[in-house]
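K.L.:
The structure's right below; bear with me while I get my questions together.
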Amino acid sequence: MSDVTPSPVPTTELSGQDQRLWATLIHVGWVVGSIIGLSFLPALIGYIVLKDRGAFVRQHTAAALNFQISWFIWAIALAILSLITWGLGLILYIPFTVLYLIFTIMDALHANKGEAPGQTLSLPLVH
């Protein structure tokens, strides 16, 4: 047996266009994740896989992951509020969903244009 330690796979930085593409796809990936009930899963996978492939894609995947986790927490809080108020909290689900869609579309557009993400109402969980 030899004592050769395998070297880690070198990562190369993605081109600017590829970083914008992946950042955009990560922001809209919640659609795929929603099919299985885990809308944050594509952002999590994207962050793990792409975080070392460029500063721009890292910034957007971290922002998308923070956004998805934060809004998952807000949805749980809203569900609890609905239970406490005997369903009156359900009225808030419509504006909640509309804001969710608007913010994800805006951030996907920011990513596609090469701009910084503009996440609102997100907890800074991942950097």
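K.L.:
Suppose the filter is surrounded by 15 or more Cβ atoms within 10 Å (Cβ to Cβ) and of a type in the set (Lys, Arg); does Lys51 pass it?
P.N.:
Answer is yes for this residue.
K.L.:
Do we find a residue being hydrophobic (A, V, I, L, M, F, W, C), touching a Leu at 6+ places or on another chain (Cβ under 9 Å) and either crowded, with 16+ Cβ neighbours inside 10 Å or not in a helix (DSSP H, G or I) (or both) anywhere in the stretch 25-36?
P.N.:
Within the stretch 25-36 (the criterion being hydrophobic (A, V, I, L, M, F, W, C), touching a Leu at 6+ places or on another chain (Cβ under 9 Å) and either crowded, with 16+ Cβ neighbours inside 10 Å or not in a helix (DSSP H, G or I) (or both)), the answer is yes, since at least one residue qualifies.
K.L.:
If you go through the stretch 45-61, how many residues are touching a helix residue (DSSP H, G or I) at 6+ places or on another chain (Cβ under 6 Å) and in a helix (DSSP H, G or I)?
P.N.:
7
K.L.:
Moving on. Note down all Cβ pairs under 9 Å where the first residue falls in the stretch 83-101 and is within 15 Å of Trp30 (Cα to Cα) and in contact (Cβ under 8 Å) with a residue 12 or more places away in the chain, the second is small (Gly, Ala, Ser) and surrounded by 10 or more Cβ atoms within 10 Å (Cβ to Cβ), and they're at least six residues apart or on different chains.
P.N.:
Close Cβ pairs (under 9 Å, with a partner that is small (Gly, Ala, Ser) and surrounded by 10 or more Cβ atoms within 10 Å (Cβ to Cβ)) amount to Tyr100/Ala75.
K.L.:
Where residues in the stretch 81-127 are part of a helix (DSSP H, G or I) and of a type in the set (D, E, K, R), which of them is surrounded by the most Cβ atoms within 10 Å (Cβ to Cβ)?
P.N.:
This residue is Asp107.
Values quoted throughout were computed directly from the atomic coordinates according to the rules given, and no laboratory measurement underlies them. Only a predicted model underlies this, so the values are computations on that prediction, with no experimental measurement involved. Positions of Cβ are backbone-derived with ideal geometry, glycine not excepted, and every protein chain shown enters the neighbour counts.
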